[in-house]
Amino acid sequence: MSNLVIAQASKLAKNLGMEGEATELLATLKATAFRGQVTDEQMASLILVANQYGLSPWTKEIYAFPDKQNGIVPV
């Protein structure tokens, strides 16, 4: 995992009351918020948007769809 993904995951974990659980948060997001394989860049995109707007993936406030250029569309 890249440092950006870990840093943003730590911030999201803290916002969700899961301090110190960045790697567990990432594993859970990969299993629930994405379908299929996910890259670090795709994960970073989702987490950056979630952090910016204070959204939670578990309450379906944000989730990700893959686009045709191997990116994601946070919804």
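What to note about this one:
- Of the residues making up the stretch 2-20, those that are surrounded by 15 or more Cβ atoms within 10 Å (Cβ to Cβ) and farther than 18 Å from GLY54 by Cβ are VAL5, ILE6.
- Taken over the stretch 23-32, the residue count meeting the criterion of being surrounded by 13 or more Cβ atoms within 10 Å (Cβ to Cβ) and either in a loop (DSSP other than H, G, I, E, B) or in contact with a Pro (Cβ under 8 Å, 6 or more places away or on another chain) (or both) is 1.
- Extreme residue, surrounded by the fewest Cβ atoms within 10 Å (Cβ to Cβ), among residues of the stretch 50-62 that are touching a Phe, Trp or Tyr at 6+ places or on another chain (Cβ under 9 Å) and more than 22 Å from ASN3 (Cα to Cα): GLU61
- Matching residues in the stretch 1-52 - criterion: being among the hydroxyl-bearing types (Ser, Thr, Tyr) and touching a residue at least 40 places away in the same chain (Cβ under 8 Å): SER2
- Top-ranked residue of the stretch 33-49 - restricted to ones that are within 10 Å of the chain's Cα centre (by Cα) and of a type in the set (S, T, N, Q), ranked as surrounded by the fewest Cβ atoms within 10 Å (Cβ to Cβ): SER45
- So GLN42, is it within 15 Å of PHE65 (Cβ to Cβ) and not in a helix (DSSP H, G or I): no
Every number here is computed from the coordinates shown, using simple stated rules; none is lab data. Just so it is clear, the model here is predicted, and its values are computed rather than measured. Positions of Cβ are generated from backbone atoms using ideal geometry, with glycine treated the same way; all protein chains shown enter the neighbour counts.
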